[in-house]
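Everything on this sheet refers to the single structure shown next.
The values are calculated or read from the model by the stated rules, or taken from the named source; none is laboratory data. Predicted, not measured: the structure shown is a model, and the values here were computed from it. Ideal geometry is used to build each Cβ from the backbone, glycine not excepted, and the neighbour counts take in all protein chains shown.
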Ligand SMILES: *Cc1c(COP(=O)(O)O)cnc(C)c1O
């Protein structure tokens, strides 16, 4: 398996470099040169198999000769056995043909653990093999940071630096990042929004001297390895619900377009996915792009689903690449226009191609909180605000006739990660699982930095060099 860059100016690359580098050297995103494919029989055989074994076989389609089958199996068994539910990604029924896929039973209570935990194992193995040390940097809107820190805190070959927007993540999210207390974990609170953090990370990668000096690597959802690992639960859900292979829709709460693109990748690999629904909160650039062709960031509005308070959805470039039939020259032109004008317009052809696989919905804050309440009254279960955004989309698009047949809503976080919003909607405060009872007693470790690349660069140089002495 080789990888190409969406911008077309980087050499063909193997999985190992894709894993370690994150972004391609030409500024593009790595994509598999060809989609691996799975037969209906292979997919049907996943019903009843263990999540870890399915993960090892699917991820193995993307990793080339970097790991042996046995190694992948061992890594997958090790990480997915840490999940608090033995089924790893359980499905629950919420009415006729309507299901919720619970993706929050990992160590940091959000779906990002699915990919990040196995990436931690991959990094440790590959870096040990080459006796290398990396500084892994991530911008987080709340959940990526905790997932990355938990996955990498025991890696002896990695320093992990996480930038979060100060005051824009919940207390539980922040404490999961700042209370870990390991010398290789560095939290930076940036005086800005998530998009500012992400822009700073991009600038740090572009600063060749700096990035070589600290050996910078990335685990944001632009890292293909993450998307490869996230395709797995689309397969397990499908195999459980559709023994005869009839189409299943997936509704995905979306920020950076990573998770929903993993669903698209699964479809490209032969999975019988019907519609993929892009569900956004009030930060609705993707919904606007899909409905009117207008991809213009509008400034970030803080919402109760902060992990989706994003305007520039990095992975959208991957979809554009596909709908442009992988024409990198045309894509480069489009991205250059976006860089200079801070806006781009999708052509009629692009919109039509996207509409074949995707639908979209934007939920207001009022609708989101209303759905948490409604869901609680109807089922007795609490859902987090990200899941609620997606449930709004599922309910409304079914009523509009856009969705029919079996539909799975991805539940991306445990409600206790967002207790304020859940309590506001229902009057009930969701308790944290017992394992996390010490979270509010532990000491926090975080450095503050101004909203600019030089402030962050000096913090990293100081902290990472100190940690290595
Ligand atoms: C990150 C996140 C999302 C959005 O996922 P993307 O891959 O960025 O689209 C949704 N819900 C939760 C809880 C998240 O942490």
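Observations on the structure shown:
- Within the range 316-333, if we keep just the residues that are closer than 20 Å to residue 199 by Cα and in contact with a strand residue (DSSP E or B) (Cβ under 7 Å, 6 or more places away or on another chain), the residue that is surrounded by the fewest Cβ atoms within 10 Å (Cβ to Cβ) turns out to be 318.
- Of all residues in the range 244-302 being within 22 Å of residue 59 (Cα to Cα) and part of a loop (DSSP other than H, G, I, E, B), the one that is farthest from the ligand (Cβ to nearest atom): 245
- Residue within the range 392-400 that is closer than 19 Å to residue 85 by Cα, within 16 Å of the ligand (Cβ to nearest atom) and either touching a residue at least 60 places away in the same chain (Cβ under 8 Å) or surrounded by fewer than 24 Cβ atoms within 10 Å (Cβ to Cβ) (or both) present: no
- Close pairs (9 angstrom Cβ cut-off, 6 or more residues apart or separate chains): closer than 20 Å to residue 412 by Cα and without any contact (Cβ under 8 Å) to a residue 60 or more places away in the chain in the range 242-271, part of a helix (DSSP H, G or I) and more than 16 Å from the ligand (Cβ to nearest atom) anywhere: 266/58; 266/235; 266/238
- Single residue of 28, 64, 60 found to be surrounded by fewer than 22 Cβ atoms within 10 Å (Cβ to Cβ) and over 14 Å from residue 229 (Cβ atoms): 64
Residues are listed down the side, and each one gets a yes or a no for (1) assigned to a helix (DSSP H, G or I); (2) buried (at least 24 other Cβ atoms within 10 Å of the Cβ); (3) in contact (Cβ under 8 Å) with a residue 60 or more places away in the chain:
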residue	(1), (2), (3)
115	yes, yes, yes
132	no, no, yes
137	no, yes, yes
141	no, yes, yes
145	yes, yes, no
160	no, yes, no
164	no, yes, no
172	yes, no, yes
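- Qualifying residue in the range 61-78 (condition: in a loop (DSSP other than H, G, I, E, B) and within 14 Å of the ligand (Cβ to nearest atom)): no
- Per-region count, the range 303-321, residues near the ligand (Cβ under 9 Å from one of its atoms) and free of Cβ contacts under 8 Å to residues at least 60 places away in the same chain: 1
- Looking across the range 14-25 at every residue that is within 21 Å of residue 206 (Cα to Cα) and in contact with a helix residue (DSSP H, G or I) (Cβ under 8 Å, 6 or more places away or on another chain), the one that is surrounded by the fewest Cβ atoms within 10 Å (Cβ to Cβ) is identified as 16.
- Inside the range 144-177, residues that are within 12 Å of the ligand (Cβ to nearest atom) and at positive phi make up a count of 0.
- Of all residues in the range 198-221, those being in a loop (DSSP other than H, G, I, E, B) and either surrounded by fewer than 24 Cβ atoms within 10 Å (Cβ to Cβ) or away from the ligand (no atom under 14 Å from the Cβ) (or both) number 4.
- Test result for residue 450, on the phi > 0 side of the Ramachandran plot and more than 16 Å from the ligand (Cβ to nearest atom): no
- Residues in the range 401-428 that are away from the ligand (no atom under 16 Å from the Cβ) and at pLDDT below 95: 0 in all.
- Filtering the range 334-352 for residues that are within 24 Å of the chain's Cα centre (by Cα), farther than 26 Å from residue 202 by Cβ and surrounded by fewer than 20 Cβ atoms within 10 Å (Cβ to Cβ) leaves a non-empty set.
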